Amino acid sequence: MPSWHFSTRRCCAAMTATSEKGYRMQERRRILVVEDDFLVATLLTEILEPVGWQVVGPVAHLATALDAAASEDLDAAVLDVNLGGQTVYPVAEMLDARKVPFVFVTSYGREALPPLFCGRPHLGKPFAPGELIGTVARLIAPAAEAEAGTWRSNVTSPSFEGSPSRTSMVAA
């Protein structure tokens, strides 16, 4: 069994413990995954689904990603910057227009992003599974807190203390 699998379990346990402390995620948040490398796309799915999120995709082509970004009901997105020589920026623009939060997951540094997206969340490859889970949780937390605010006024955000070290990394 891959070493990242055990790290994912620890992150899931952290999410469960956190939910018992007051953080409540909506059932099956929908996360669009746009990644053209099959192995990385599979790995992203295997990291996100055990947390309880529903992966939309993974999508490997720009046209399909644009269709999904325009038509799917999404809570967040994980975007690889380079899709077979095409950039994912039109998808990011579509998601931005729909107010869907997203994170760039790429081997390119933040400085390679266009000015419009420099301030957006960015995870460099390789990354630890806990970094991805924590980033996506922070992306969807405002919506979860707004929903929870209708029945509870004091909602706490998840804490990912004890998440895996950078020794169990995901690379592409």
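We did not get these values from a lab; they are worked out from the coordinates using the rules stated. These numbers come from a predicted model, not from an experiment. Virtual Cβ from ideal backbone geometry, glycine too; neighbours counted across all protein chains shown.
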Calculated FRET efficiency, residue 118 and residue 97, Cβ-Cβ r, R0 25 Å, to nearest 0.05? 0.85
If you plug each phi of the stretch 129-134 into the Karplus form 6.51 cos²θ - 1.76 cosθ + 1.60 with θ = phi - 60°, what whole-Hz ³J(HN,Hα) values come out, in order, with x for Gly and Pro? x, x, 5, 5, 4, x
Once the mean 1/r over all distinct Cα pairs of the stretch 50-151 is inverted, what Kirkwood radius in angstroms do you read off? 14.3
For the stretch 55-68, 3J(HN,Hα) per residue [Karplus equation, 6.51 cos²θ - 1.76 cosθ + 1.60, θ = phi - 60°, Hz, x = Gly/Pro]: 7, 9, x, x, 10, 10, 10, 4, 4, 5, 5, 5, 4, 5
Among 67, 37, 80, which comes first, then next, by fewest other beta-carbon atoms within 10 Å? 67, 37, 80
Per-bin percent of Cα-Cα distances, the stretch 77-122 [10 Å]: 29, 63, 8
